[in-house]
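Remarks on the structure that follows.
The values are calculated or read from the model by the stated rules, or taken from the named source; none is laboratory data. Keep in mind the model is a prediction, meaning the values are calculated, not measured. Every residue, glycine among them, receives a Cβ derived from its backbone with ideal geometry; neighbour counts consider all protein chains shown.
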Amino acid sequence: MTTPTNLAEDRHHHLPYPPLAGSRHRHYMGRPISAPSSAASFRGCCCCLFLLLIFVALLAVAVALVVVLVLKPKKPQFDLQQVAVQYLLVAPTTSSASPTVSALGGAAVRGAQPTAAYLSLNITLLFLADNPNKVGIRYDAAALDVMYRGVPLGVATVPGFEQPAQSRRLVQTRVVVDRFNVMQSDALDLVRDAALNDRVDLRLTGDVAAKILVLGLSSPRVQVSVDCAIEISPRKQSLTYKRCGVDGLNF
């Protein structure tokens, strides 16, 4: 006969055992991530990044080849066309006990060597930019040095601009030098050139940076070197000789 006491004992014997603490912990935390799988994922990311960089590099090379083979870029021209002389003055100085040599007169006067000479200059330079290419060109702003016997006198600033395909453009700049002190080592040569030879030899030198424009994108910068020799007559206040050499801009 089954009594309530026996029924309670039977239920107690048939109840499942409570879960262990360790198994409960594993049930909530899940499986731990192993170290080998993490390293494999990192190597996979590195490989993907490396392949992406190779693809970008190959694409850039392909675009450059297309530009070179299809457009066939030519060397643009950036030449000095005209030099307008507003004035060029040479004022020599000597000691008070010695006569002064006239730098702008018709003949030289014997006297002591000048200790210094002051040069004042105001000239306008006109450049011609010629773009024979089928694409546009962007010129960066440039600073060209005006020199006398290697001594910088002033700077000709050329503004930056964009030039359309197959076009020409005139670019103007001005150089103003106010009483530049030419020291004794070059003062005698300057005074003699101005007084005896009626000429002052100047040199215009510097670099101009340019980029070609294709579909709104610009190529890497390319430098062009400008080197011009100009000769100015102090008496006539005009240009008597000009010779320029331009190197670079080979795409």
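Of the numbered criteria (1) within 23 Å of Val85 (Cβ to Cβ); (2) modelled with pLDDT under 85; (3) in contact with a helix residue (DSSP H, G or I) (Cβ under 9 Å, 6 or more places away or on another chain); (4) not polar (S, T, N, Q), the one Gly150 fails is (2).
Among the residues making up the range 21-79, those that are closer than 30 Å to Ala143 by Cβ and either at pLDDT 70 or above or touching an Asp or Glu at 6+ places or on another chain (Cβ under 7 Å) (or both) are Pro73, Lys74, Lys75, Pro76, Gln77, Phe78, Asp79.
Against the conditions (1) assigned to a strand (DSSP E or B); (2) surrounded by fewer than 16 Cβ atoms within 10 Å (Cβ to Cβ); (3) not acidic (Asp, Glu), Ala165 satisfies every one except (1). Where strands (runs of 3 or more DSSP E) fall entirely within the range 111-151, those with at least 2 residues that are closer than 23 Å to Pro92 by Cα are at 116-131, 142-148. Every listed requirement among (1) free of Cβ contacts under 8 Å to residues at least 40 places away in the same chain; (2) surrounded by 14 or more Cβ atoms within 10 Å (Cβ to Cβ); (3) over 29 Å from Ala91 (Cα atoms) is met by Pro159 save one, (2).
Scanning the range 103-128 for residues that are modelled with pLDDT of 90 or more and surrounded by 18 or more Cβ atoms within 10 Å (Cβ to Cβ) yields Ile123, Leu125, Phe127.
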